[in-house]
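What follows is a short report on a single structure.
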Amino acid sequence: MGKAQKTKKLDAEAGLKSSLREILEKRLDDMFSFQGSVLATSSPESIHDMRVAARRFRALMRIFQAAFPKKKLKDQNRHLSALLKLLGRVRDCDILIERLEADQSRMSPEEWLALEPLLDRQKNSRTLQLSILKNQLDELHSQRYHQQFREFLTESLS
């Protein structure tokens with residue numbers, strides 16, 4: 001799993017809003033640092049890493065939600081929630097596929113014959129959910145979501 005990037009030492013004189021903005025920008029950058037890997041390889045590890053980074057970012061945004069204008073925060077969170085939902089759907093498929101494949105060696109041929117259609121459905125579902133996720137990431141990229149969120153943080157925490 002990809003570790004969160006460390007935030008440089010915060011300046012005690014900088015103030016809370018400036019420090020908070022720096023921390024949130026780092027977590028936002030962490031989340032999007034996995035986008036290239038998700039789009040290029042679609043590996044379960046890259047999906048998991050991006051999901052973990054997105055959940056860390058969302059948790060911080062929830063903790064400090066009072067620092068943001070309510071309506072603007074709601075607009076920004078709508079995209080983040082949609083992204084997390086899609087990452088979760090792909091990750092759920094990955095977990096089930098991994099478990100079924102790991103259990104295959106312990107199954108009798110008859111048991112495997114019964115479960116193989118489930119594995120096939122999960123692989124097809126993953127392909128579909130991954131396609132939707134990639135479309136969402138492409139859309140967020142074309143809308144400059146990463147940059148817009150950074151601007152939102154700057155405007156809100158200046």
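Label reach from Ser125 (point 7 Å along Cα→C-beta): in segment 68-107, amide nitrogens under 15 Å belong to 86-101.
Angle, helix 70-104 long axis vs. longest principal axis of the chain, Cα atoms, 0 to 90°, nearest 10? For helix 70-104, the angle is close to 30 degrees. Listed values for segment 35-40 are Karplus-derived 3J(HN,Hα) couplings in whole Hz (6.51 cos²θ - 1.76 cosθ + 1.60, θ = phi - 60°), namely 4, x, 5, 4, 5, 7, and x replaces Gly and Pro.
Translational D (Stokes-Einstein, µm²/s) of segment 66-158 at 25 °C and 0.890 mPa s when Rh comes from the Kirkwood sum over C-alpha pairs? It comes out at roughly 154 µm²/s.
Axis angle, to the nearest 10 degrees, between helix 16-33 and the longest C-alpha principal axis of the chain: 30 degrees. Across segment 16-156, Cα pairs under 8 Å and at least six residues apart give a relative contact order of 32 percent.
For segment 88-158, trypsin sites (Lys or Arg not before Pro) meeting the loop criterion (DSSP other than H, G, I, E, B) and having at most 10 other Cβ atoms within 10 Å: Arg106. With a cut-off of 15 Å, note down the residues of segment 136-152 whose backbone N falls inside the zone around a label point 7 Å from the Cα of Ala59 toward its beta carbon. Residues passing the 15 Å test: none.
Computed FRET efficiency, Cβ-Cβ of Arg150 and Lys74, R0 22 Å: what is it to the nearest 0.05? According to the calculation, E is roughly 0.75. Remark: the chain carries a charge dipole of roughly 900 debye about the Cα centre, counting +1 on each Lys and Arg Cβ and -1 on each Asp and Glu Cβ. Rounded to whole numbers, the Karplus 3J(HN,Hα) couplings from phi for segment 45-51 are 5, 5, 4, 4, 4, 5, 5 Hz, using 6.51 cos²θ - 1.76 cosθ + 1.60 with θ = phi - 60°, and x at Gly and Pro. Just so you know, the Rg over Rh for the chain is 1.10, from Cα atoms, with Rh as the Kirkwood radius.
We did not get these values from a lab; they are worked out from the coordinates using the rules stated. In this text, all values refer to a predicted model and were calculated from it rather than measured experimentally. Don't worry about glycine lacking a Cβ; one is built from the backbone with ideal geometry, like all the others, and counts go over all protein chains shown.
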